[in-house]
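What follows is a set of notes on a single structure, which appears directly below.
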Amino acid sequence: METPNATVLTLGHSSHPLEHFVALLQRHDAELVADVRSIPYSRRHPAYNRESLERSLPEQRIGYRFLGRELGAKSPDPACIVDGRVDYRRIAASSAFQAGLAAVITTARTLRVVLLCAEQEPLACHRTLLVARELVARGVAVAHIHADGHLEPHAELLGRLRRLVGVPEQDLVRSEEELLAEAYARQERRIAVVVEPRAGAARGAAR
């Protein structure tokens with residue numbers, strides 16, 4: 001499904017001083033930060049706590065919206081847990097995720113939206129493997145802001161992904177879509193949240 005005139009950027013705050021983070025946003029004409037962290041807080045970097053950003057970003061004429069409940073990587077839904085890990089494909093199919101994604105797409109038609117998460121490397125973050133993947137599938141152009149300010153188009157990032165996880169660009173058996181899905185799945189297994197079983201559930205299972 002094509003979504004004309006929609007472009008979304010992504011950025012991980014990492015350990016950047018807030019001034020550098022804001023400079024990166026301004027360099028790329030950000031108008032709205034959509035925070036996709038499930039838990040929008042950082043003990044080491046409190047400037048990136050939700051309430052802090054709600055104050056500091058508007059001072060720079062950049063809006064802020066928390067979307068971690070809809071687009072976060074730590075789903076509270078047991079149906080999104082497979083073999084002790086969060087399953088991104090199941091999150092993507094959830095009604096909450098679909099609603100959050102639709103809100104991003106609609107907003108991106110009129111504002112320059114940047115998805116915010118914590119990890120500096122986009123390939124180590126669900127903002128790429130989950131959210132950006134679904135945006136691209138809907139015809140949205142996505143690019144990733146790096147710490148030095150350069151933009152990496154999502155298509156180029158996928159080449160890095162294939163090399164990182166050892167999936168070729170083509171073979172004689174699988175289609176390009178199947179190979180790409182395998183690359184996504186391999187990296188998801190590396191970074192997806194591991195869910196610790198609750199003590200009560202563990203005791204019940206042992207009976």
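Summary table below
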| quantity | calculated |
| --- | --- |
| Single condition residue 128 does not satisfy, out of (1) among the hydroxyl-bearing types (Ser, Thr, Tyr); (2) exposed (fewer than 15 other Cβ atoms within 10 Å of the Cβ); (3) under 26 Å from residue 166 (Cβ atoms) | (2) |
| Residue that is farthest from the chain's Cα centre (by Cα) [pool: residues in region 54-101 that are surrounded by 15 or more Cβ atoms within 10 Å (Cβ to Cβ) and of a type in the set (Ser, Thr, Tyr)] | 56 |
| Any hit, region 175-198, residues being in contact with a strand residue (DSSP E or B) (Cβ under 6 Å, 6 or more places away or on another chain), modelled with pLDDT of 95 or more, surrounded by 15 or more Cβ atoms within 10 Å (Cβ to Cβ) and of a type outside the set (A, V, I, L, M) | no |
| Residues of region 24-71 classified as in contact with a Lys or Arg (Cβ under 8 Å, 6 or more places away or on another chain), assigned to a helix (DSSP H, G or I) and aromatic (Phe, Trp, Tyr), total | 0 |
| Whichever residue in region 164-174 is of a type outside the set (Val, Ile, Thr) and surrounded by 12 or more Cβ atoms within 10 Å (Cβ to Cβ) and, among such residues, is nearest to residue 9 (Cα to Cα) | 164 |
| Residues of region 72-96 classified as over 18 Å from residue 34 (Cβ atoms), in contact (Cβ under 8 Å) with a residue 60 or more places away in the chain and in a loop (DSSP other than H, G, I, E, B), total | 2 |
| Test result for residue 161, over 21 Å from residue 38 (Cα atoms), of a type outside the set (Lys, Arg), surrounded by 19 or more Cβ atoms within 10 Å (Cβ to Cβ) and touching a helix residue (DSSP H, G or I) at 6+ places or on another chain (Cβ under 9 Å) | yes |
| Region 92-141, subset of a type in the set (D, E, K, R) and touching a helix residue (DSSP H, G or I) at 6+ places or on another chain (Cβ under 7 Å), residue farthest from residue 44 (Cα to Cα) | 138 |
| Residue match in region 142-162 (condition: more than 14 Å from the chain's Cα centre (by Cα) and more than 27 Å from residue 27 (Cβ to Cβ)) | yes |
| Some residue of region 149-165 being closer than 24 Å to residue 6 by Cβ, touching a residue at least 40 places away in the same chain (Cβ under 8 Å) and not basic (Lys, Arg) | yes |
| Given (1) at pLDDT below 95; (2) under 20 Å from residue 148 (Cβ atoms), index of the condition residue 15 fails | (1) |
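For (1) part of a loop (DSSP other than H, G, I, E, B); (2) closer than 27 Å to residue 20 by Cβ; (3) at pLDDT 95 or above, each residue gets a yes or a no:
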| site | (1), (2), (3) |
| --- | --- |
| 98 | no, no, yes |
| 102 | no, no, yes |
| 116 | no, yes, yes |
| 119 | yes, yes, yes |
| 168 | yes, no, no |
| 173 | yes, no, no |
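The values are calculated or read from the model by the stated rules, or taken from the named source; none is laboratory data. All of these numbers come straight from a predicted model, not from anything done at the bench. A quick note on method: Cβ atoms are made from the backbone with ideal geometry, for glycine too, and the neighbour counts reach across all protein chains shown.
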